[in-house]
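Enquirer: Starting off with a structure, shown below.
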Amino acid sequence: MLQLRVQLQTTKKGSMTIFEYFAKMESFVDALALGGYNVENDELIMCILTGLPSNYDATVTAILSLVAEEAFIEAEVKEAELVVLLVDAGT
């Protein structure tokens, strides 16, 4: 199990096509799931992005920007939900 996690975290795209690389990474996730370890989407995304070569830097930057924006929006939504709960609790 530990070996699969290390492979997931350290595998590089190298000479594989992007489709082969994604399939390999997904196979690690599937094998880990069979062993009872759930890989979160955020972890998988970071592992995939880390394994990409420098000619993907623009794509990596764009994806990281989207992930950061999504996290910000999610935090704002949670804050709004908390405010609604507090207002409802006070009435």
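The values are calculated or read from the model by the stated rules, or taken from the named source; none is laboratory data. Everything numeric here is computed off the predicted structure, so don't read it as measured data. A quick note on method: Cβ atoms are made from the backbone with ideal geometry, for glycine too, and the neighbour counts reach across all protein chains shown.
Enquirer: Whether any residue in the range 37-53 is touching a Gly at 6+ places or on another chain (Cβ under 9 Å), surrounded by 15 or more Cβ atoms within 10 Å (Cβ to Cβ) and free of Cβ contacts under 8 Å to residues at least 60 places away in the same chain is what I want to check.
Expert: Keep residues of the range 37-53 that are touching a Gly at 6+ places or on another chain (Cβ under 9 Å), which gives 51, 53.
Applying the additional criterion that residues be surrounded by 15 or more Cβ atoms within 10 Å (Cβ to Cβ) yields 51.
Pick out the ones that are also free of Cβ contacts under 8 Å to residues at least 60 places away in the same chain and you get 51.
Yes, that holds for at least one residue.
Enquirer: Of all residues in the range 15-38, how many are in a loop (DSSP other than H, G, I, E, B) and over 11 Å from L4 (Cα atoms)?
Expert: Filtering the range 15-38 for residues in a loop (DSSP other than H, G, I, E, B) gives 15-17, 35-38.
Pick out the ones that are also over 11 Å from L4 (Cα atoms) and you get 15-17, 36, 38.
Result for the range 15-38: 5.
Enquirer: Oh, and also: If you check L52 against the conditions, is it at pLDDT 85 or above and not in a helix (DSSP H, G or I)?
Expert: Answer is yes for this residue.
Enquirer: Out of everything in the range 6-36 that is hydroxyl-bearing (S, T, Y) and surrounded by 12 or more Cβ atoms within 10 Å (Cβ to Cβ), what residue ends up being farthest from V67 (Cα to Cα)? Please lay out each step first, then the result.
Expert: So in the range 6-36, the residues hydroxyl-bearing (S, T, Y) come out as 10-11, 15, 17, 21, 27.
If we keep only those that are surrounded by 12 or more Cβ atoms within 10 Å (Cβ to Cβ) too, we end up with 11, 21, 27.
Numbers: T11: 22, Y21: 21, S27: 23 Å.
Looking at residues that are hydroxyl-bearing (S, T, Y) and surrounded by 12 or more Cβ atoms within 10 Å (Cβ to Cβ), I get S27.
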